[in-house]
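These notes are about the structure you will find just below.
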Amino acid sequence: MKNKRDNYAEVTFEAISENEAFARIVVAGFIMPLDPTIDQLNELKTIVSEGVTNSVIHAYDSKGGKIKLILESYQNDVTVTIIDYGKGIEDINKARELFYTSKPEEERSGMGLTLMEVFSDEFYMSSKVGEGTVIKIKKSLELSKEMSA
Amino acid sequence: MSLSVHFFLKSDTLFIRLSGELDHHSSSQLRERINTLMEQYEIKNIVFNFKNLSFMDSSGIGVMLGRYNQVKKNKGLLLACDLNGSIEKIIKLSGLYKILVITKDEEQASNYLGVA
Ligand SMILES: Nc1ncnc2c1ncn2[C@@H]1O[C@H](COP(=O)(O)OP(=O)(O)OP(=O)(O)O)[C@@H](O)[C@H]1O
Ligand SMILES: [Mg+2]
């Protein structure tokens with residue numbers, strides 16, 4: 001089995017809804033060399049989509065701003081970091097609750113952060129009101145290595 | 001790779017065939033198009049066909065919950081058919097399983113509603 005090389009990518013883009021698809025394509029391209037399963041690929045795309053969407057609609061109230069996406073891989077572990085410089089979150093524990101949303105009038109379901117946690121192996125979140133939010137997740141693609149070995 | 005949508009009506013049921021990717025960006029146009037149709041026609045039930053949808057996130061759940069609340073007012077039903085792997089997982093997590101009717105395909109959905 002060939003050794004996987006460590007890798008790193010960073011992209012900063014405007015917080016507009018068009019870039020939700022762009023960010024999914026970035027993560028899909030980044031993990032291609034790691035031979036992910038279809039499920040792993042879809043789960044990572046969902047994680048990125050949820051994080052970027054939250055920055056677009058919550059952090060910047062759909063008025064635009066900057067989002068930074070950082071991707072790293074070590075062996076078969078991938079980490080995804082999503083950073084915004086928006087309004088921040090007052091109560092992180094409440095935000096993480098399944099079905100909690102501060103925008104029910106926009107037909108949000110309050111599932112985004114829960115999906116990010118469920119689809120990753122490790123989840124970290126920090127936020128400061130008025131300064132922004134950082135979410136970092138780690139996902140192991142170990143299973144795909146075993147299956148293709 | 002954006003969303004494309006095909007609509008058709010069978011008596012009082014609106015069938016919505018989704019293909020491509022349903023996210024926050026594409027969900028707003030979908031919501032508007034459904035609402036316009038619901039104003040124009042007497043629609044009781046809605047059937048979402050996921051066969052050609054390759055991606056959906058929580059924004060799709062929001063659209064379905066919103067349409068469920070609409071059809072519920074007229075004692076209508078919301079159906080979902082041709083669910084695949086990760087979309088099925090997200091729908092399960094959302095609890096939509098408890099309020100939706102899930103069928104294998106459009107034919108089964110038509111039979112269920114008696115609009116075949
Ligand atoms: N980047 C962020 N900046 C500011 N607030 C955020 C951010 N991400 C999440 N939040 C807050 O946390 C809440 C929960 O987020 P979550 O993604 O779980 O649900 P949602 O976005 O409201 O709905 P859904 O993701 O189902 O469409 C949001 O309603 C918002 O108040
Ligand atoms: Mg969200």
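The values are calculated or read from the model by the stated rules, or taken from the named source; none is laboratory data. As the structure is a computational prediction, the values presented were derived from the model and not from experiment. Here Cβ is always computed from backbone atoms with ideal geometry, including for glycine, and neighbour counts include all displayed protein chains. Quick note on the areas: whole protein, heavy atoms, side chains included, nothing else; ligands and nucleic acids left out. Shrake-Rupley method; radii C 1.70, N 1.55, O 1.52, S 1.80 Å.
For this structure, a couple of remarks:
- The one condition from (1) more than 21 Å from A:L113 (Cβ to Cβ); (2) surrounded by 14 or more Cβ atoms within 10 Å (Cβ to Cβ); (3) among the β-branched types (V, I, T) that A:T12 does not meet is (2).
- Filtered residues of the stretch A:108-124 (kept if near ligand 1 (Cβ under 9 Å from one of its atoms) and over 21 Å from A:S62 (Cβ atoms)): A:T114
- Among residues of the stretch B:28-56 that are of a type in the set (K, R), those with a beta-carbon under 6 Å from a residue that is part of a helix (DSSP H, G or I) at least six positions away or on a different chain give the pairs B:R31/B:V63.
- Wholly enclosed helices (runs of 4 or more DSSP H) of the stretch A:17-124 bearing at least 1 residues within 16 Å of A:K138 (Cβ to Cβ) and within 14 Å of another protein chain (Cβ to nearest Cβ): A:18-31, A:38-54, A:112-118
- Of all residues in the stretch B:6-18, those that are open to solvent by 30 Å² or more (accessible area, probe 1.4 Å) and either over 10 Å from the mean Cα position of the chain (by Cα) or closer than 17 Å to B:Q70 by Cα (or both) total 7.
- Candidates A:E122, A:E97, A:E142, filtered to the one that is open to solvent by 30 Å² or more (accessible area, probe 1.4 Å), touching a residue at least 40 places away in the same chain (Cβ under 8 Å) and on the phi < 0 side of the Ramachandran plot: A:E142
- Residues being more than 6 Å from ligand 1 (Cβ to nearest atom) and out of contact with any helix residue (DSSP H, G or I) (no Cβ under 7 Å at 6 or more places or on another chain) - total across the stretch A:93-107: 7
- Set A:V134, A:V129, A:V52: member being within 15 Å of ligand 1 (Cβ to nearest atom), in contact with an Asp or Glu (Cβ under 6 Å, 6 or more places away or on another chain) and open to solvent by 30 Å² or more (accessible area, probe 1.4 Å): A:V129
- Candidates in the stretch B:48-77 are the residues that are of a type in the set (V, I, T) and within 15 Å of ligand 2 (Cβ to nearest atom); of these, the one that is nearest to the other protein chains (Cβ to nearest Cβ) is B:I61.
- Being more than 16 Å from ligand 2 (Cβ to nearest atom), open to solvent by 10 Å² or more (accessible area, probe 1.4 Å) and not acidic (D, E) holds for only one residue in A:G110, A:G29, and it is A:G29.
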